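Below: the structure, in structure tokens.
The values are calculated or read from the model by the stated rules, or taken from the named source; none is laboratory data. Treat the numbers as computed from the prediction; the structure is a model and nothing was measured. Cβ coordinates were reconstructed from backbone atoms using ideal geometry, including for glycine residues, and neighbour counts include every protein chain displayed. What goes into the accessible areas is simple: the full protein's heavy atoms, side chains included, and nothing from ligands, DNA or RNA. Shrake-Rupley method; radii C 1.70, N 1.55, O 1.52, S 1.80 Å.
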Amino acid sequence: MASWNSISLEISYQVLGWTAFSSWSIGYYPQIILNFRRKSVVGLSFDFAVLNLLKHSTYLIYNASLYFSSVIQKQYYEKYGYEQMIPVAANDVAFSTHAVLATSTIVFQILIYDRGSQKVSKIAIAMIFAVFLFAAVCFFLALPSHSWLWLISIFNSIQAFMTVIKYIPQAVMNFTRKSTAGFSIGYILLDFTGGTANFAQMTVQSIDQGSLVNFFGNIGKMLVSLVSIFFDLIFMCQRYVLYPPNENAEVSPKLIEESTEPLIKTSDYPQLDKA
């Protein structure tokens, strides 16, 4: 198995990895806190929220499997060579675990807070169903030959695809409303920082090993970084250039006039009324 050639690069790798973990993990809280303070999720795309949960769930399966399973690691070495390093670090597993918990919290907020007339689109529901069906088929295809590396690579591909798709509903919603009210810019700024640090971490490993195999061996991680950076730049442009915030109104009048009946009344959750 490969080892680090440079101590300074190894330290840089760890620092960048945990910087990405911290930025991406903390990034969820501005949106969670914003929803809690407003007791509303109006302005947050529900498609973005549920697709984000699905994306992180599949990413957790990939990261945890490759990091902890000696069987899958052996298959990785047999495919890419024993001189290569496993492209998943401890911070990747920690991030994925936390991300599933954080996105689940946001989805729960959608269920209990004022949502206006917003709802999850039929396209998003169909996409989720298709992913589950596809994953199930792949599992039964991998089962006879124990092709576990291939299977988790499928999950990695799914999360990369979901990364591309998940941002689109929020970007379209901002464009349609000509507003970013209800969508936390704090999440975007921290997401941008995490994406940049994540890609830099992969670059450091590549420099140390003198190889690009870690990019090809974990193409999902690379795409997560690049796609996140791309869409974060779009969101920052929407927030600061195209639709700067209106200090006199947090949500557009049109949305305020719409139905405000929550999916689940807060009276069913006394602890929320006391919060």
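Quote the FRET efficiency, to the nearest 0.05, computed for V71 versus W4 with a Förster distance R0 of 22 Å and r equal to the Cβ-Cβ distance.
0.35
Which residues does a label at Q14 reach in region 197-219, if reach means a backbone N under 13 Å from a point 7 Å past the Cα toward the Cβ?
none
Among V88, L53, V204, pick out the residue whose Cα is farthest towards the positive end of the charge dipole of the chain, where Lys and Arg carry +1 and Asp and Glu carry -1 on C-beta, about the Cα centre.
L53
Got a sec? Which residues in region 159-187 would a label at F230 touch, if it sits 7 Å along Cα→Cβ and we count backbone N under 16 Å?
Counting backbone N atoms under 16 Å from the label point, the list is 159-172.
Over every pair of different alpha-carbon atoms in the chain, take the mean of 1/r and invert it; report that Kirkwood radius in Å.
Over the chain, the inverse of the mean reciprocal pair distance is 20.0 Å.
Defining a contact as two alpha carbons under 8 Å apart and six or more residues distant in sequence, what relative contact order in percent does region 43-194 show?
With pairs under 8 Å counted, the relative contact order is 46 percent.
Karplus couplings for region 38-43 from phi (6.51 cos²θ - 1.76 cosθ + 1.60, θ = phi - 60°), rounded to Hz, Gly and Pro as x?
Per residue, the Karplus-derived 3J(HN,Hα) values read 7, 6, 8, 10, 5, x Hz.
How far apart, in nm, are two points set 7 Å out from the Cα along the Cα-to-Cβ line at E78 and at L111?
Distance between the two pseudo-spin positions: 4.2 nm.
What list of ³J(HN,Hα) couplings, whole Hz, do you get for region 59-67 from phi and the Karplus terms 6.51, -1.76, 1.60, once you set θ to phi - 60° and write x for glycine and proline?
Running phi through 6.51 cos²θ - 1.76 cosθ + 1.60 with θ = phi - 60° gives 5, 5, 4, 5, 4, 5, 5, 6, 7 Hz.
Mind checking the dipole of region 112-216: about its Cα centre, +1 per Lys or Arg Cβ, -1 per Asp or Glu Cβ, Debye to the nearest 20?
Its charge dipole is roughly 520 debye.
Would you work out the relative contact order for the chain, in percent, from Cα pairs under 8 angstrom that are 6 or more residues apart?
After rounding, I find 34 percent.
Kirkwood Rh, Cα Rg: Rg to Rh for region 137-205?
Radius of gyration over Kirkwood radius for region 137-205 works out to 1.16.
Charges only on Cβ, +1 for Lys and Arg, -1 for Asp and Glu: so what's the dipole of region 32-105 about the Cα centre, in debye to the nearest 20?
Here region 32-105 has a charge dipole of around 400 debye.
Provide, for q = 0.21 Å⁻¹, the log10 of I(q)/I(0) from a solvent-free Debye sum over equal Cα point scatterers in region 87-207.
-1.50
Give, rounded to the nearest 20 debye, the magnitude of the charge dipole that the chain has about its Cα centre when Lys and Arg contribute +1 at Cβ and Asp and Glu contribute -1 at Cβ.
480 debye
State the percentage of accessible surface on region 1-84 attributable to carbon and sulfur atoms; use a 1.4 Å probe and exclude ligands, DNA and RNA.
Taking all protein chains in place, region 1-84 shows 64 percent carbon and sulfur surface.
Tell me the accessible surface of S157 in square angstrom (1.4 angstrom probe, heavy atoms of protein chains only), to the nearest ten.
About 70 Å², rounded to the nearest 10.
Which distance in nm do the two modelled labels at Y240 and F134 give, with both placed 7 Å along the Cα-to-Cβ direction?
A separation of 3.5 nm, rounded to one decimal place.
Through the Karplus equation 6.51 cos²θ - 1.76 cosθ + 1.60, θ set to phi - 60°, convert the phi angles of region 118-130 into ³J(HN,Hα) values in whole Hz; use x for Gly and Pro.
Here the 3J(HN,Hα) series is 6, 7, 6, 6, 5, 5, 5, 4, 5, 5, 5, 4, 5 Hz.
Helix-only mean residue ellipticity at 222 nm, the chain, DSSP H runs n ≥ 4 weighted -39,500 (n - 2.57), per residue, nearest 500. What is it?
The helix-only estimate for the chain comes to -24000 deg cm²/dmol at 222 nm.
Given R₀ = 30 Å, what would the calculated FRET efficiency be for A64 paired with I33, taking r from the Cβ atoms and rounding to 0.05?
That pair, A64 with I33, gives E of 0.60.
Let a ≥ b ≥ c be the square roots of the eigenvalues of the Cα gyration tensor of region 27-174; is it rounded (a/c under 1.5), or, if not, prolate (a/b larger than b/c) or oblate?
prolate
Where the accessible area of region 88-202 is counted over protein heavy atoms with a 1.4 Å probe, how much of it, in %, is carbon and sulfur?
81 percent
At a threshold of 8 angstrom on Cα-Cα distance, excluding pairs fewer than six apart, so keeping six or more, what relative contact order does region 1-99 reach in percent?
That works out to 45 percent.
When the convex hull of the C-alpha atoms of region 51-98 is computed, what volume per residue in Å³ does it have?
In region 51-98, the Cα convex hull volume per residue is 70 Å³.
Taking only protein heavy atoms and a 1.4 Å probe, what accessible area per residue, in Å², does region 50-176 have with all protein chains in place?
Per residue, region 50-176 has 46 Å² of solvent-accessible surface.
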